[in-house]
1. Can you name the residue in the range 192-215 that is assigned to a helix (DSSP H, G or I) and more than 23 Å from Asp113 (Cα to Cα) and is also nearest to the chain's Cα centre (by Cα) among such residues?
2. Which ones in the range 115-156 are hydrophobic (A, V, I, L, M, F, W, C), touching a strand residue (DSSP E or B) at 6+ places or on another chain (Cβ under 9 Å) and surrounded by 19 or more Cβ atoms within 10 Å (Cβ to Cβ)?
3. Specify the residue that is nearest to Thr453 (Cα to Cα); the eligible residues are those in the range 405-426 that are part of a loop (DSSP other than H, G, I, E, B) and of a type in the set (Ser, Thr, Tyr).
4. Please specify each residue of the range 266-285 satisfying the condition of being surrounded by fewer than 19 Cβ atoms within 10 Å (Cβ to Cβ) and assigned to a loop (DSSP other than H, G, I, E, B).
5. Just to be sure before I move on: is Lys542 assigned to a helix (DSSP H, G or I), open to solvent by 10 Å² or more (accessible area, probe 1.4 Å) and modelled with pLDDT of 95 or more in the structure I sent?
6. Name the single residue, out of those in the range 400-427 being touching a residue at least 40 places away in the same chain (Cβ under 8 Å), within 27 Å of Gly474 (Cβ to Cβ) and more than 22 Å from the chain's Cα centre (by Cα), that is surrounded by the fewest Cβ atoms within 10 Å (Cβ to Cβ).
7. Being in a strand (DSSP E or B), more than 19 Å from the chain's Cα centre (by Cα), of a type in the set (A, V, I, L, M) and within 25 Å of Thr132 (Cα to Cα), is that true of even one residue in the range 506-521?
8. Among the residues of the range 164-180, is any of a type in the set (Phe, Trp, Tyr), in contact (Cβ under 8 Å) with a residue 12 or more places away in the chain, over 17 Å from Ala101 (Cβ atoms) and outside any helix (DSSP H, G or I)?
Amino acid sequence: MGRSRSSANRWKYINPSYYLKRPKRLALLFIVFVFGSFFLWDRQTLVRDHQLEELKNDHSVSGETVNFSRSDGDVGKKIDYTEDPVDAQRREKVKDAMRHAWSSYEKYAWGHDELQPQTKNGVDSFGGLGATLIDSLDTLYIMGLDEQFQRAREWVANSLDFNKNYDASVFETTIRVVGGLLSAYDLSGDRLFLEKAQDIADRLLPAWNTPTGIPYNIINLSHGNPHNHGWTAGHSILADSASEQLEFIALSQRTGDPKYQQKAENVILEISRTFPDDGLLPIHINPEGKAVVYSTMTFGAMGDSFYEYLLKVWIQGNRTTAVDRYRKMWETSMKGLSSLVRRTSPSYFAYIGEKVGDSFVDKMDELACFAPGMLALGSSGYGPDDSQKFLSLAEELAWTCYNFYQSTPTKLAGENYVFNKGQDMTVGTSWNILRPETVESLFYLWRLTGNKTYQEWGWNIFQAFEKNSRIESGYVGLKDVNSGVQDNMMQSFFLAETLKYLYLLYSPPSVIPLDEWVFNTEAHPIKIVSRNDRAMSSGAGKSAGQQKSYKRALTRREGRFGNK
C-alpha cells in the first residue's frame, strides 16, 4: 500500500495541473527545457562538425584515392531540402558582405565601372558603362535589397549612356552588360532593362560582319569599327568570339527580333563544320576563314566559356531537338577534356592540363575550376554509367580546386597552378582577384547532390575572403596569396558572381531553380524558354523567326523568392 502511494506521488509530477497551480515550478521547468534543448542542439552541431573535419582529414591522407560520388539515385533528380538554421545564418553573412561591397561602391565609385577601395575612387575599366552597377542588379534583386536595387534602376534610367567613343570588348560587354540587363528584366519584368539591353546589343552587332561570321573581339560603341587585339596577330579569341549565344538568343526571344540569335548561332555553325574528333579548339581562331591557328588548347583563360556555352545553350533551349547539336558538340569536347585529366603524386589530385600542339602542359588555371560545376550540370544528360563517371570526375576536380585555396597561407587560391613530378600542386601566378569559379562549382555540386560538404568548403572560402580581402571601403584582391599583400581593385564579378553563388549556396533550391533558369558565364540567371525552331540543323537565319514569342514568367519574392 505504501509502495502504491509512493508511486502515485511520483506520477503527480507529470500532471499539467500540478504545475498550473505552482507557477514558479512551471517557470523552472521551462528554463530546464530550454537549456536542455540548447545542449542537445550544440552536441549535434559538434558531432556534425567533427564528422566534416574527419572527412577533410581523410581526404588529405597522402596517396589516398578519394571517392566523392553518391552511390544512389539519379544525379538529375531534385534533392529533398529542409532549411538548416546554419544555412540561414551564413546566407545573412553573405548578404552583409554584399551590403558592404555595394555601399562602398555607392559611396566612392557610383556610376563608374569599378571601385578602387584602397584609394577610395572609381575607375572606368569598361568605358564608363557602370559595369559594377549593372553586374550587381540581379544580385541585389535576388537578395531582396530593394532600396539598393531601386537606386541602381534610377541610374540605369537616367544616366546610362552607350554612345561612347570607346573600344569595348564584345565579350565582356555581352556577358556583363547585356547579360546583366536581361537578367534584371527576367527577374523584375521592368522593360527598361530590356530596352537598354537591345540598345547595347545593336552597337555590338557589326563585330559579326566578317567573312566567316566569327566576330572580331573589339568594337567602338559610337562608330562601330570592329577589330581584334594587336597581340593576337589579328586573330579572334575562342572564348570571346563563341560565348555570346545565351545572351543573344535570349534577346531574340524577348524582343521577337531574330537578328541577335542569327549572328550568335552562325558562329557555332561555322565552328561545327570543322569540329575536331576530340572537341578541343585552339584559343585563337581566324575570322577571315583561313587555316586554324596553332595555339594553346585549354579549359582555362580564353577557352573556358566556349565549352560552357555549348552545354548551357542546350539547357537554355530546354533540351529540345533545336539544340541537339550543342549537346553533341559538348559531349565530344568532354572526351577531349577527359584526355587532358592527370592525377598528382602523392595525393592523387585530379587536374585538367593544357595542350600546345602535341605537347602536354601540366598547368591548370583557377578559371578552369568552373569545369566541375559544368560536368555536374551536364552529367544528367548521359546514360547511367557515363552520368556517374562524369559526376565522379566533377567531384574529384572540385576537391582539387578547393585545395587550391587550402594549400596557401591565406587560404585563397592563386591564379594558376603547376604540377611537377612528385609534387601535388604549386602556385604559379600568385595573385587572387576575387574570382568565383570554385564557388560556382561548389554551388552546382551542392544543388545536384545535396552533399553539405560543398557548403562547408564554400564557407571556408568565404571566411578567407572576409579575413584577407575585406577592408573598411570594400573588398580587394591579393597581389600574392602567400604573403597576403593586397591590391586596389574590387572586381565587378565579385558582386555579380562570387557573392551571388555564395548566397545561393546557402539558399533553398527554390531560389533560382536550375530547371527554370540558366546562368550565363557572369552568373546572370536567364529564364529557360523551350525552342521549337531548328536553328542548328537548317540554318539560324530562316528558323529564328519561327520561334514562339517569349512570355516572361511571373516571379516570386523572398523578399522575392520565398522558401517554397
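The values are calculated or read from the model by the stated rules, or taken from the named source; none is laboratory data. What you see is a predicted model, and the numbers here were worked out from it, not measured in a lab. Cβ atoms come from the backbone with ideal geometry, glycine included; neighbour counts cover every protein chain shown. All accessible areas refer to the heavy atoms of the entire protein, side chains included, with ligands and DNA or RNA removed. Shrake-Rupley method; radii C 1.70, N 1.55, O 1.52, S 1.80 Å.
1. Let us first name the residues in the range 192-215 that are assigned to a helix (DSSP H, G or I), namely 192-208.
If we keep only those that are more than 23 Å from Asp113 (Cα to Cα) as well, we get 206, 208.
Working: Pro206: 29, Trp208: 27 Å.
Result: Trp208.
2. From the range 115-156, those hydrophobic (A, V, I, L, M, F, W, C) are 115, 123, 126, 129, 131, 133-134, 137, 140, 142-143, 145, 149, 152, 155-156; that's our starting set.
Adding the requirement that they be touching a strand residue (DSSP E or B) at 6+ places or on another chain (Cβ under 9 Å) leaves 115, 123, 126, 129, 131, 142.
Within the range 115-156, Leu115, Phe126, Leu129, Ala131, Ile142 meet the criteria.
3. The extreme case among them is Ser407.
4. Across the range 266-285, the qualifying residues are Arg273, Thr274, Phe275, Pro276, Asp277, Asp278.
5. Values: assigned to a helix (DSSP H, G or I): yes; open to solvent by 10 Å² or more (accessible area, probe 1.4 Å): yes; modelled with pLDDT of 95 or more: no.
Taking the combined requirement at face value, the residue does not satisfy it.
6. We begin by selecting, within the range 400-427, every residue touching a residue at least 40 places away in the same chain (Cβ under 8 Å); these are 400-403, 405-406, 408-425, 427.
Now restrict to residues that are within 27 Å of Gly474 (Cβ to Cβ): 401-402, 405-406, 408-416, 427.
Okay, now just the ones that are also more than 22 Å from the chain's Cα centre (by Cα), so 408-410, 427.
Values: Thr408: 22, Pro409: 11, Thr410: 20, Val427: 19.
Within the range 400-427, the match that is surrounded by the fewest Cβ atoms within 10 Å (Cβ to Cβ) is Pro409.
7. In the first step, residues of the range 506-521 are kept if they are in a strand (DSSP E or B); the result is 517-519.
Okay, now just the ones that are also more than 19 Å from the chain's Cα centre (by Cα), so none.
Checked the range 506-521: no residue is in a strand (DSSP E or B), more than 19 Å from the chain's Cα centre (by Cα), of a type in the set (A, V, I, L, M) and within 25 Å of Thr132 (Cα to Cα).
8. Applying the first criterion (of a type in the set (Phe, Trp, Tyr)) to the range 164-180 yields 166, 171.
Remaining after also requiring in contact (Cβ under 8 Å) with a residue 12 or more places away in the chain: 166, 171.
Retained after the next criterion (residues that are over 17 Å from Ala101 (Cβ atoms)): 166, 171.
When the remaining residues are screened for being outside any helix (DSSP H, G or I), the result is 166.
Within the range 164-180, one or more residues are of a type in the set (Phe, Trp, Tyr), in contact (Cβ under 8 Å) with a residue 12 or more places away in the chain, over 17 Å from Ala101 (Cβ atoms) and outside any helix (DSSP H, G or I).
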